[in-house]
Structure formats: C-alpha cells, structure tokens
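**Student:** Please read through the structure below; I'll follow up with questions.
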Amino acid sequence: MDKHLFANSILNWYAKNKRDLPWRHTKDPYKIWLSEIILQQTRVKQGLPYYQKFVETYPLVQDLASADEQNVLRLWQGLGYYSRARNLHTAAKFVHHERGGVFPESYQELLKMKGVGDYTASAIASFAYNEKVAVVDGNVFRVLARVFGIDTDIASHKGAKEFGALAKSLLPDEHTDAYNQGIMEFGALQCTPQKPDCMYCPLQTHCVAYAQGKQKELPVKIKKIKVKHRYFHYLLFFYKNNGQTFVAMKQRGSQDIWGGLYDFWLEEQPKLLSAIDLLDVINLPQAQLKKMVIGKESVIYKHILTHQRIQAKFHHIEVKPAQKDLPMFDKLRFYEVNEVAALPKPVLIDNYLNKDFF
Ligand code: SF4
C-alpha cells in the first residue's frame, strides 16, 4: 500500500473518530509523560481518573519530585505494576534536581529518565515536541501486521526491528504527532484485537488480512505468558487498647510484586493450608504464640495479576498490648486503624480490610 495513502487515511480517520482525552489538549511533556506511564498496561477508562488525580495533586514535575514516595504510591493504589509509580517518582526527582526542572526535550534525552523506554520516549518526543519518530505500541503492531499481511512474531527481536522499520518508513512529512496518535487510536477503536470493524474500515480495500480472512491470525505473538500460582497466608496480628485497634504491618521490598506497599506478616506456601497446618509448618516462636488468641480465618481471596494467580487467606491473631514489643515483631510496626487506612496497600489487602476487618 502506498505510504501517502496509508498516512492520509489514518489522519482522516483520526480527525473524525478521535476520543476527547485531556492529554490530547496539551503539549506539556510532563503531563504527556504522566499519561503515558499511567496508560501502560492500563485501559483508558481505568487510567483517566488516575491521570486527573496526579495532575491535580502534582501540577508540576517539581511537585511530584518533592512528594513523599508513600503518598505517590497511595495515589497509584489500584493501578498495579507499582514499580511504574516508583520510577515515576525517581524520574521526577531526576528532572527536578539534575536538570533544574527542565524536562528532557528529545527522544535520546528522554531515554535517560527511569522507566522511560523506546515506546514512551517516542510518544513524548512526538506528542510534546513533534519530533519525527515512530511510536509503536501493541495497537500499531496489530494494524501494520494486518494491513501489510506480516506474520513475523511481534514478540521477537526480528519482529521489533521489522515493524519498527516499517512504522518509520510510513511516517508522513507533516503532522507526525497526529499520525502517531491516529494509528494507535485506529488500533484501539477500529482494528481491535477481537472484532475489527472491517465493514466500515477506510483501509479495507488495501488490507491483506481482510482479503485473506486472516484478521484473527494477525499479529503473530508466540511468546506465551507463564502464569505462576501463589498461595499467601497473612497473619494479621492486632491488639486493642483504650477503644482503639492497632494492626501490625510492614513495607514490602522492591524485589517482589507490590514493592513499597504495606501488607501484613506474610507466609507463602506451595499450597493453601488451614490455620492449624500452617502453624505446624512455619517458624514462629511457639511459646509466644501460645499466649496469643488465634481467631478468625478468612475465606479464600483470589487476586489475578498478569503473570500471577494469587490465593490468599487471612488469619487473625490478637495479642496483648504489652506483647507488641516482642522481638518477633521487629520487622513490623503496629498502626492504629486510621493510620492503616492512609497507608499505600495492595488492592487485595485494601479489599480485605474494608470487607472483613473493619
Ligand atoms: S480491514 Fe479490518 S483488519 Fe484490515 S485494517 Fe481494517 S479493521 Fe483492520
């Protein structure tokens, strides 16, 4: 298909069909960067309120840089992939402290920001600065694979190179920002993964996938996601004092999911266990445990992440106020329930606290 015809079809389609989204009304690289990070692996409908909250709370990159990481994570709560929020914060500090608040102004410079890879750097460079770079996301892979009938695996190195080169060769001489937005929007709304609207598609007469009935087969993505099953047992130590309840929590390290967020004492096992079996296999100081009241055991909570399926149970263990200083609690801290509500937590923990604990 002719390059000019392709680009013009996309630009015309975009002018008529684009969604009215706040980050499309700005050239501010900070806001465009926020929207791009928030929208990674997230649908527009889910990401939009987060974008609005971030822009409202931190209108400038300096505001985000000066924020407490805990507050950034709290605002991010529910979006998942928490390393994105931590990287966002680190990158804001980089811009503020090392670049005097001046946002990087080119694709190459943008790549120096933590959490900004090829896709995000291209998107910001194109949308904020009109730099002539091709933006290739999952939508673009799909549109190109179908229109040009390319069956190279998009998850392979070869595929990335081939599609990258094709996307670059198709860039129009002008309006590359609208064109890049347009081809992504076209993939999101017209040439969708499951039900592409071929009947009313402006590219129909040129589309190889349509001519050969291969819409379902293209694009080819061979890399399969390996799903890991995990079994979490949360020990929820708490005590009551003068009408207040205090819960033991700890901040998670950055090596596993939910880095930087707060959860309870966690025992992970190869399968789900009852409270009695669990206490048999884990290494708790039995003498101290005997003086505590082992109470409610929750139903099974299921939590799905892209690569993980988590099943979790919560076990309540009431301790006496004086026991909170026992060495076994060294890695935890007891928080009053109002403080707990303000901590950034995984959705699984938040759901449990709201449904079954408070
Ligand atoms: S004809 Fe169908 S498969 Fe081809 S680009 Fe249009 S919507 Fe996609």
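The values are calculated or read from the model by the stated rules, or taken from the named source; none is laboratory data. Since this is a predicted model, take the numbers as computed values, not measurements. Glycine gets a Cβ as well: all are built from the backbone with ideal geometry, and neighbour counts include every protein chain shown. Only protein heavy atoms, including side chains, enter the accessible area calculation; ligands, DNA and RNA are left aside. Shrake-Rupley method; radii C 1.70, N 1.55, O 1.52, S 1.80 Å.
**Student:** State whether one or more residues within the range 258-268 are among the aromatic types (Phe, Trp, Tyr), modelled with pLDDT of 95 or more and surrounded by fewer than 16 Cβ atoms within 10 Å (Cβ to Cβ).
**Tutor:** No, because not a single residue in the range 258-268 is among the aromatic types (Phe, Trp, Tyr), modelled with pLDDT of 95 or more and surrounded by fewer than 16 Cβ atoms within 10 Å (Cβ to Cβ).
**Student:** So which of Gln286, Gln255 ends up being open to solvent by 80 Å² or more (accessible area, probe 1.4 Å), within 30 Å of Glu69 (Cβ to Cβ) and assigned by TED's automatic domain parsing to the domain that holds Arg309?
**Tutor:** On inspection, the qualifying residue turns out to be Gln255.
**Student:** All but one of (1) assigned to a helix (DSSP H, G or I); (2) buried (at least 20 other Cβ atoms within 10 Å of the Cβ) hold for Pro104, so report the exception by its number.
**Tutor:** Failing condition for Pro104: (1).
**Student:** Among residues belonging to the range 1-54 that are touching a Lys or Arg at 6+ places or on another chain (Cβ under 8 Å) and of a type in the set (D, E, K, R), point out the one that is farthest from Tyr119 (Cα to Cα).
**Tutor:** Lys18
Residue-by-condition table, conditions (1) within 16 Å of the ligand (Cβ to nearest atom); (2) not in a loop (DSSP other than H, G, I, E, B):
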site	(1), (2)
Pro193	yes, no
Pro196	yes, no
Glu217	yes, no
Lys223	no, no
Thr245	no, yes
Lys250	no, yes
Gly253	no, no
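**Student:** If you check every pair at least six apart or on different chains, which have Cβ atoms under 6 Å apart with a residue in the range 165-176 that is farther than 13 Å from Phe6 by Cβ first and a residue that is open to solvent by 60 Å² or more (accessible area, probe 1.4 Å) and of a type outside the set (Phe, Trp, Tyr) second?
**Tutor:** Note: pairs meeting the criteria are Thr176/Lys132.
**Student:** In addition: How many of the residues making up the range 198-207 are of a type in the set (A, V, I, L, M) and more than 8 Å from the ligand (Cβ to nearest atom)?
**Tutor:** Result for the range 198-207: 1.
**Student:** Does Pro172 qualify as being within 16 Å of the ligand (Cβ to nearest atom), of a type outside the set (D, E, K, R) and in a loop (DSSP other than H, G, I, E, B)?
**Tutor:** No: the conditions fail for Pro172.
**Student:** Any idea which residue in the range 195-233 is least open to solvent (accessible area, probe 1.4 Å), counting only those that are aromatic (Phe, Trp, Tyr) and more than 24 Å from the chain's Cα centre (by Cα)?
**Tutor:** It comes out as Tyr210.
**Student:** Okay, next question. So Ile349 passes all but one of these: (1) in a helix (DSSP H, G or I); (2) under 11 Å from Phe238 (Cβ atoms). Which condition number does it fail?
**Tutor:** It fails just one condition, (2).
**Student:** Check Val247, Val208 and return the single one that is over 28 Å from Leu39 (Cβ atoms) and in the same structural domain as Val147 (by TED's automatic domain parsing).
**Tutor:** Val208
**Student:** So, one more: For the range 125-159, give me each residue that is open to solvent by 10 Å² or more (accessible area, probe 1.4 Å), more than 16 Å from the ligand (Cβ to nearest atom) and more than 22 Å from the chain's Cα centre (by Cα).
**Tutor:** Ala128, Tyr129, Asn130, Glu131, Lys132, Val133, Ala134, Thr152, Asp153, Ser156, His157, Lys158, listed by residue number.
**Student:** Regarding Leu73, is this residue assigned by TED's automatic domain parsing to the domain that holds Gly182, aliphatic (A, V, I, L, M), closer than 23 Å to Ala341 by Cα and touching a residue at least 60 places away in the same chain (Cβ under 8 Å)?
**Tutor:** Yes: the conditions hold for Leu73.
**Student:** Going by the structure shown, is Ala188 open to solvent by 20 Å² or more (accessible area, probe 1.4 Å), within 27 Å of the chain's Cα centre (by Cα) and either of a type in the set (Lys, Arg) or closer than 18 Å to Ser35 by Cβ (or both)?
**Tutor:** Yes: the conditions hold for Ala188.
**Student:** Related question: I need a count of the residues in the range 1-49 that are open to solvent by 30 Å² or more (accessible area, probe 1.4 Å) and part of a helix (DSSP H, G or I).
**Tutor:** Matching residues across the range 1-49 total 19.
**Student:** Let me ask something additional. Considering only residues that are assigned to a strand (DSSP E or B) and within 25 Å of Gly80 (Cβ to Cβ), which ones fall in the range 278-322?
**Tutor:** Tyr301, Lys302, His303, Ile304, Gln308, Arg309, Ile310, Gln311, Ala312, Lys313, Phe314
**Student:** Now, a different point. Scan the range 276-321 for residues that are closer than 30 Å to Gln41 by Cα and hydroxyl-bearing (Ser, Thr, Tyr) and jot them down.
**Tutor:** Scanning the range 276-321 gives Tyr301, Thr306.
**Student:** Moving on to the next point. Could you list all residues from the range 160-180 that are buried (at least 16 other Cβ atoms within 10 Å of the Cβ) and among the polar types (S, T, N, Q)?
**Tutor:** Thr176, Asn180
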